[in-house]
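The values are calculated or read from the model by the stated rules, or taken from the named source; none is laboratory data. Because the structure is predicted, anything quoted here is derived from the model rather than measured. No Cβ is skipped: glycine too gets one built from the backbone with ideal geometry, and neighbour counts run over all protein chains shown. Side chains included, ligands, DNA and RNA excluded: accessible areas come from the protein's heavy atoms. Shrake-Rupley method; radii C 1.70, N 1.55, O 1.52, S 1.80 Å.
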Amino acid sequence: MKRMVSAILCVIMLLGVPAAAFADSADAEKGLAAIKATGWADTIVLPQEESYLSEWKTLYARRAFKAPCLRVERISQLHTGRQVMPYLYEGTEVTAIAEENKMSCILYRGSDNELYAGWVQSIRLLEDFPGEQYTVGEKPDRELSFRDDLTVTWSKKSWLTTQQNYSVLSEPLKNCVGFTLDYQIIAENTPNWDSILGPRKIYVKSGDTWTEVGEFPYSDFGAVRVQVWLEKPMDIDAVGTIAQCLRPDTFYFRQTATDFALENGPEK
């Protein structure tokens, strides 16, 4: 199953929902448990029992019209006037667990990397990642194990030469050889776009040490996905990017790291 589903399963277990019930229950029970695991079940209007999907869908947010994000409603209707859920940004991976009124009930992570539930137009979701995709480094020619159950949070301080924050892993990883990085500017805060576009250097942190591991181009606004392969196995506990531009601390951006590849398998 995809990484979002794996993360949701972990949250459900932490909240005390029996794993067996999740795996063997009816579609509605399974979907409801997943929504409750986000902590937002009392905030949104839940899907009708017949609206839950027997097989969840892994999809990606489409680019909005003249905006980097989509509205996520609290009910399965558009433009209700109600307060919306946190915005869904282009390229964000979502899990659709129910469909009704041409809307999808989704589980997704906001720009704060917190897990949310809400409703979005089904037509606004795509099967394929809509942004630019790059690869940094070369995949090792040996058997690898993958961790897709980790989450990241924003650091509470800046680092190295930047005043921006970085992504902190939910637990340190040993012998990491690669990961997937999602990145997107979500607020420019300047009319001079040339001053905030440009290459982004990628760093990983182990203890107190930051190591540069590559860079990717960012010449236009939109979601970017980068497959990062490290030159050698490394112990890491955080990931960061530093913009190579005139005003690297002006804009706001979303960033997350997932699908960590390990040389010697998951930690015991």
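Scanning the stretch 116-165 for residues that are over 21 Å from the mean Cα position of the chain (by Cα) and part of a strand (DSSP E or B) yields a total of 2. Apart from one condition, residue 104 fits all of (1) open to solvent by 50 Å² or more (accessible area, probe 1.4 Å); (2) more than 13 Å from the chain's Cα centre (by Cα); (3) of a type in the set (S, T, N, Q); the exception is (1).
Taking every residue in the stretch 130-156 that is farther than 22 Å from residue 205 by Cβ and pairing it with any residue that is modelled with pLDDT under 95 and open to solvent by 70 Å² or more (accessible area, probe 1.4 Å), at least 6 positions away or on another chain, the pairs with Cβ-Cβ distances below 8 Å are 130/62; 130/63. For the stretch 23-58, name all the residues that are surrounded by 20 or more Cβ atoms within 10 Å (Cβ to Cβ) and of a type in the set (S, T, N, Q). Matches in the stretch 23-58: 38 only.
The lone criterion from (1) under 17 Å from residue 135 (Cα atoms); (2) in contact (Cβ under 8 Å) with a residue 12 or more places away in the chain left unmet by residue 212 is number (2).
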